[in-house]
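Structure first, then comments.
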Amino acid sequence: MIFTDIVFYVLAAILLFSGIRVITTRNPVHAALFLVLAFFTAAGIWLLLEAEFLAIALILVYVGAVMVLFLFVVMMLDINIDKLREGFWSNLPLALTFGVVMMGEMVMVLSAKNLHPSQAVTAPDGYSNTAALGKVLYTDYLLPFELAAVVLLVAMIAAIVLTLRERQDNKSMNPSEQVKVKRSDRLRIVSMPAEVEPPAPATAPATEEKK
């Protein structure tokens with residue numbers, strides 16, 4: 001067994017442990033941190049496969065952006081942890097069934113003959129896996145890439161629509177109603193009589209002092 005195999009098994013064990021702790025820990029902040037650990041170990045496995053671009057993208061996109069957003073949401077919102085864990089054990093058999101099915105599919109895919117070539121393939125000098133990935137992605141798989149982008153856009157819009165709630169105490173303005181406004185709607189001329197100050201009360205003249 002060579003050194004890279006030892007590193008792979010160590011990273012795989014850490015990845016499995018962190019993935020299990022994501023769904024079993026009671027604290028959502030700890031679950032998010034375990035998910036960050038899972039992303040880091042997955043990036044390490046990508047580095048072992050000489051896919052540096054995918055490893056860096058995994059760290060920058062998921063760890064640097066998505067997980068930071070998750071932590072902000074979890075730590076700023078008052079989440080009822082006990083309510084979130086309701087129904088965990090009742091849904092466990094269904095989750096295990098799906099997990100076993102997915103594991104079987106991965107075993108069948110990884111056991112295919114085309115994934116185990118008879119001789120190692122050496123990359124030529126100046127080869128860039130990032131350039132090769134971009135060339136394949138935007139030529140051979142351009143249509144699936146665009147379809148995935150459309151699906152993600154629809155999912156994002158649907159999430160916004162489902163979570164959007166109109167607040168009763170919120171003051172909002174309708175631009176179309178503001179454009180249609182007329183002078184008579186906002187200005188009213190009222191004729192009011194002029195105010196006249198009442199005359200000052202007459203005061204009696206002061207009497208002359210007696211000599």
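The values are calculated or read from the model by the stated rules, or taken from the named source; none is laboratory data. None of these values were measured; they are calculated from a predicted model. All Cβ positions, glycine included, derive from the backbone under ideal geometry; neighbour counts span all protein chains shown.
Just one of the listed residues (Leu58, Leu37, Leu33, Leu69) is part of a helix (DSSP H, G or I), without any contact (Cβ under 8 Å) to a residue 40 or more places away in the chain and closer than 22 Å to Leu137 by Cβ, and it is Leu58. The condition (being modelled with pLDDT under 85 and loosely packed, with under 10 Cβ neighbours inside 10 Å) is satisfied by just one residue among Ser128, Ser118: Ser118. The selection criterion, being outside the structural domain of Trp46 (by TED's automatic domain parsing) and either surrounded by 10 or more Cβ atoms within 10 Å (Cβ to Cβ) or touching a residue at least 40 places away in the same chain (Cβ under 8 Å) (or both), does not hold for Val190. The single residue among Ala206, Ala155 that is among the aliphatic types (A, V, I, L, M), modelled with pLDDT under 80 and at negative phi turns out to be Ala206. For the range 10-27, state whether one or more residues are part of a helix (DSSP H, G or I), among the polar types (S, T, N, Q) and closer than 30 Å to Gly134 by Cα. No, that holds for no residue.
Only residues that are at pLDDT 85 or above and loosely packed, with under 13 Cβ neighbours inside 10 Å were counted across the range 31-74, and they come to 2. The single condition from (1) outside any helix (DSSP H, G or I); (2) surrounded by 10 or more Cβ atoms within 10 Å (Cβ to Cβ); (3) at pLDDT 75 or above; (4) of a type in the set (A, V, I, L, M, F, W, C) that Ile79 fails is (3).
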